[in-house]
Amino acid sequence: MRRITGLLFIVSALFGLFLASTGIVFTWVVRPQIIASIDTNLGLASQVLDSTDGMLDSVSQVLQSTTVDMSTMQATINSFQAALQGVNPMLETVLQLTKKDLPDILDSTQSSISSVQNSAQAVDNVLYALTSVPYSPIKPYAPTVPLHTSLADVYASLEQLKPTIRTLDESLATGKTSLAAVGSQLNTIGDTVKGISGSLQTTAADIQQYRATMNQLKTNLENAREKAPTWITVLDGTITFFLLWVLVVSVGMAVDGITRLLNVK
């Protein structure tokens, strides 16, 4: 029985020595590759953030230009409302508004918004993905209204203005409307434009928050890239300590097994 126990101890010890020694060598051999892989992945994430930041700049610029367009449209509507109150309002001037000025502003604004819709979607996806990492110190990205949805809502609001403007233009062209009705329709258009302007201001404020989140993510990634080699070294040291303990235990088992074999009578 002592012989069998001794042999089992020796076999187990040899297996433990092999695993421990192989593990220690493997841990430190693959360390450079692991560090390089982590650095590469973090670098790619940083590049994604840089690209996303550029997209956010594009969206922000479009929002600024759209806000200016809405201000221009509001000023134009106000000026024509004032013209309607004149003694002899000029029909040609009002027709210029409904046939060309307002439609041109709408088309230009919608074209600008469409050009950054994909960028807005990408910004939402990147921020959601990078802030959903478990144990991240950054609050998960969960806006009440995502950026791309806000832009889509503005686009839809602009689209809703087109039938109203078209109807007003047709009525003026055929002389089937009164100046009072024209003024009322212009008021409706003006109220819609004010609502759109309010939405744009809210979205612009949200973008500042998104930018702050992105800056924090960039800082965290830079810190992670800088500290990654130290973290890997600490982890490798911990693994090595455990494997050395296994190595010592295996040597003890081998000695005990040999002793049992030598004492067999």
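Some values worked out for this structure:
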item: Residue match in region 192-204 (condition: at pLDDT 75 or above, assigned to a helix (DSSP H, G or I) and under 24 Å from Leu44 (Cα atoms)); result: no
item: Residues satisfying the stated conditions in region 1-45, i.e. closer than 19 Å to Leu235 by Cα and among the small types (Gly, Ala, Ser); result: Ala20, Ser21, Gly23, Ala36, Ser37
item: Residue satisfying condition, being over 39 Å from the mean Cα position of the chain (by Cα) and aliphatic (A, V, I, L, M), within set Ala254, Ala224, Ala205; result: Ala254
item: Which numbered condition Ile113 misses (of (1) in contact with a Leu (Cβ under 6 Å, 6 or more places away or on another chain); (2) under 21 Å from Ala45 (Cβ atoms)); result: (2)
item: Members of region 13-27 found to be exposed (fewer than 14 other Cβ atoms within 10 Å of the Cβ) and farther than 15 Å from Gly252 by Cα, listed by number; result: Thr22, Val25, Phe26
item: Flag for Tyr141 being modelled with pLDDT under 85 and more than 16 Å from Thr203 (Cβ to Cβ); result: no
item: Test for Glu159: is it at pLDDT 80 or above, in a helix (DSSP H, G or I) and among the acidic types (Asp, Glu); result: yes
item: Search result, residues across region 104-145 that are farther than 30 Å from Glu159 by Cα, outside any loop (DSSP other than H, G, I, E, B) and among the polar types (S, T, N, Q); result: Thr131
item: Of residues in region 16-61 being hydrophobic (A, V, I, L, M, F, W, C) and without any contact (Cβ under 8 Å) to a residue 60 or more places away in the chain, the one farthest from Ser199 (Cα to Cα); result: Phe18
item: Qualifying positions in region 209-246 - of a type in the set (D, E, K, R) and in contact (Cβ under 8 Å) with a residue 60 or more places away in the chain; result: Arg211, Lys218, Glu222, Arg225, Asp236
item: Identity of the residue in region 182-208, without any contact (Cβ under 8 Å) to a residue 60 or more places away in the chain and within 23 Å of Ala142 (Cα to Cα), that ends up surrounded by the most Cβ atoms within 10 Å (Cβ to Cβ); result: Ser199
item: Near pairs, Cβ below 8 angstrom, 6+ apart or cross-chain, from region 71-85 (modelled with pLDDT of 75 or more and surrounded by 14 or more Cβ atoms within 10 Å (Cβ to Cβ)) to any residue that is among the hydroxyl-bearing types (Ser, Thr, Tyr) and part of a helix (DSSP H, G or I); result: Gln74/Ser197
item: Residue that is modelled with the lowest pLDDT, among those in region 170-181 that are exposed (fewer than 13 other Cβ atoms within 10 Å of the Cβ) and part of a helix (DSSP H, G or I); result: Thr174
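The values are calculated or read from the model by the stated rules, or taken from the named source; none is laboratory data. Here the structure is a predicted model, which means the values were calculated and not measured. Neighbour counts are summed over all protein chains in view; Cβ atoms, including those assigned to glycine, are modelled from backbone coordinates with ideal geometry.
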